[in-house]
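The values are calculated or read from the model by the stated rules, or taken from the named source; none is laboratory data. Treat the numbers as computed from the prediction; the structure is a model and nothing was measured. In this analysis, Cβ positions are derived from the backbone assuming ideal geometry, glycine residues included, and neighbour counts consider all displayed protein chains.
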Ligand SMILES: Cc1cc2nc3c(=O)[nH]c(=O)nc-3n(C[C@H](O)[C@H](O)[C@H](O)COP(=O)(O)OP(=O)(O)OC[C@H]3O[C@@H](n4cnc5c(N)ncnc54)[C@H](O)[C@@H]3O)c2cc1C
């Protein structure tokens, strides 16, 4: 690795080029923004993969207060009401702003937004694009706007390896590795982390594999507070066909009458819930996990319910299954719960400020408290747009400082073999069903890996999730403890990295 050079950037440094990062860059104008993207623009981010759309109260008869009530109910007593209020009140304008940039939301003949109904929403409220193409279309419009903005510079293939701090502990930019392996210290007035989720830390995920909770770890390593890290949302039915990441078998298939069966072909959901296949998402995820753990297998049998209609009714599922060599018209689809979203993250206020001066966070890597213990469907693109813009505006107001950052080395990398072992351990012990014995075993494995490789970001984030899950001795929202099944503690969790690890990293 080449020795670091230094660049002073008088503006806002933004780490991550999903909807949150690009929204922050656009909102920071006329202040300059430098956006770092580990992958090419539009690649390697969940934002471009979103299917359903963006929730916002845009139709007659709906109101932000109704959207807020549904969000609070999904959050299972852990939402921050002020964050929910901002999210839902600013939601309609955020969708209109994206439409103004050219995002081709589906429209009614009268010009209004088509709104679809999704799980746990009291009314149709999700603005969509071309059925299931929301993410890619929204990102295309935002990327075009960023390209046209004179205040924004983008660096692709630029991966942040460490945050820089000054003597007072303020964040002063980042140590960045380019595609050729050269390191540059980029010294900036304000730094916004918009690095997305942590799906890649689990063996089965629906998110891009490269998303390893890296921003959360970088923030934790400079002492930022992390909130609600234990709350990881699992999609109950990802297709378990050896693809990594795993494609989704949409919940609409069960709505159409597809059944969940074991390897012997017998349906199993009635053993878990009276509503069987239509039971709440968490119940279905836990049932599938239990069947898999018992070695009985879990398959989604859509042969009778969908059959020959697959290619035109569910083209995305059909294509993904066929690509893996399985014809869902004639064979049941093997399924497994997959990590889909992280409710927890870097604790922020309503303007994206973290607990460390000079550092902001927005989007999935942040925890504003808007999602509580479980995210309401399609509230995450909305959060990225609303809070990304707020963070960008607030960061743009920070004046530049003359202080120099302290010298810093890149955070250690984790070899691929260790990462794969970590992914298996996370799925086994910090997955849909958790207990103290499993979480302690996981933490012991993380300790051993950290002793071998140092505080690599995937290990730091895995530790924060496991420690928070061990500390929460109750079940709530997406966090289920087999040894503490009752809901008893409606208080958000807050943690900072254990001093030993922080000292080691310094
Ligand atoms: C399959 C799928 C379907 C979904 N469907 C929906 C939906 O319909 N509606 C909805 O609201 N939500 C949906 N979600 C969730 C939603 O897409 C995400 O929560 C949201 O897009 C997150 O946006 P973000 O900007 O925070 O992060 P991302 O879009 O994930 O972007 C993260 C960025 O950070 C960069 N990055 C990470 N680490 C570094 C580093 N160290 N250095 C430099 N760059 C870095 C990445 O390269 C990337 O550019 C879905 C998610 C998935 C996976």
request  = Take the residues in segment 1-16 that are within 13 Å of the ligand (Cβ to nearest atom) and in a strand (DSSP E or B), then tell me which one is surrounded by the most Cβ atoms within 10 Å (Cβ to Cβ).
outcome  = 14
remark   = Filtering segment 155-180 for residues that are more than 21 Å from the chain's Cα centre (by Cα), within 11 Å of the ligand (Cβ to nearest atom) and buried (at least 20 other Cβ atoms within 10 Å of the Cβ) leaves a count of 4
request  = For residue 48, indicate whether it is within 16 Å of the ligand (Cβ to nearest atom), out of contact with any strand residue (DSSP E or B) (no Cβ under 9 Å at 6 or more places or on another chain) and within 20 Å of residue 116 (Cβ to Cβ).
outcome  = yes
query = Does residue 492 satisfy being under 20 Å from the mean Cα position of the chain (by Cα) and at pLDDT 95 or above?
reply = yes
note = Checked segment 465-479 for anything in contact with a helix residue (DSSP H, G or I) (Cβ under 6 Å, 6 or more places away or on another chain) and surrounded by 21 or more Cβ atoms within 10 Å (Cβ to Cβ); matches are 466, 469
key: Residues that are more than 9 Å from the ligand (Cβ to nearest atom) and within 11 Å of the chain's Cα centre (by Cα), drawn from segment 346-371   = 367
task = Determine, yes or no, whether residue 117 is farther than 23 Å from residue 147 by Cα and crowded, with 21+ Cβ neighbours inside 10 Å.
result = no
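When only residues in segment 199-220 that are in a loop (DSSP other than H, G, I, E, B) and more than 10 Å from the ligand (Cβ to nearest atom) count, which is surrounded by the most Cβ atoms within 10 Å (Cβ to Cβ)?
Within segment 199-220, the first condition is being in a loop (DSSP other than H, G, I, E, B), and the residues that meet it are 202-204, 206-213.
Next, only the ones that are more than 10 Å from the ligand (Cβ to nearest atom) stay: 202-204, 209.
Details: 202: 28, 203: 20, 204: 23, 209: 14.
Out of the qualifying residues, it is 202.
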request  = Please state which of the following conditions residue 62 fails to meet, knowing it meets all the rest: (1) in a helix (DSSP H, G or I); (2) more than 24 Å from residue 146 (Cβ to Cβ); (3) in contact with a strand residue (DSSP E or B) (Cβ under 9 Å, 6 or more places away or on another chain).
outcome  = (1)
Tally, over segment 241-259, of residues that are farther than 21 Å from residue 478 by Cα and crowded, with 22+ Cβ neighbours inside 10 Å = 3
query = Are any residues in segment 45-66 within 21 Å of the chain's Cα centre (by Cα) and crowded, with 19+ Cβ neighbours inside 10 Å, and if so, which ones?
reply = 45, 46, 47, 48, 50, 52, 53, 54, 55, 56
Search result, residues across segment 108-124 that are at pLDDT 90 or above and in contact with a helix residue (DSSP H, G or I) (Cβ under 9 Å, 6 or more places away or on another chain) = 113, 122, 123
message = Which pairs turn up if I take residues in segment 43-70 that are over 10 Å from residue 124 (Cα atoms) and without any contact (Cβ under 8 Å) to a residue 40 or more places away in the chain and look for partners that are more than 8 Å from the ligand (Cβ to nearest atom) and part of a helix (DSSP H, G or I) with beta carbon separation below 6 Å, at least 6 apart in sequence or on another chain?
response = 64/88; 64/89; 68/84; 68/88
ask   = Can you spot a residue in segment 472-482 that is over 21 Å from residue 497 (Cα atoms), touching a strand residue (DSSP E or B) at 6+ places or on another chain (Cβ under 9 Å) and assigned to a helix (DSSP H, G or I)?
value = no
query = Applying the selection to segment 17-38, what residues are in contact with a strand residue (DSSP E or B) (Cβ under 7 Å, 6 or more places away or on another chain), within 8 Å of the ligand (Cβ to nearest atom) and part of a loop (DSSP other than H, G, I, E, B)?
reply = 17, 38
key: Cross-chain or 6+ apart pairs with Cβ under 6 Å, segment 132-152 first and under 17 Å from residue 208 (Cβ atoms) and touching a residue at least 12 places away in the same chain (Cβ under 8 Å), then assigned to a helix (DSSP H, G or I) and within 14 Å of the ligand (Cβ to nearest atom)   = 135/47; 135/48; 135/49; 136/48; 138/98; 139/47; 139/48
inquiry  = Going by what's in this entry, would residue 183 be described as surrounded by 24 or more Cβ atoms within 10 Å (Cβ to Cβ), modelled with pLDDT of 95 or more and in contact with a strand residue (DSSP E or B) (Cβ under 8 Å, 6 or more places away or on another chain)?
reply    = no
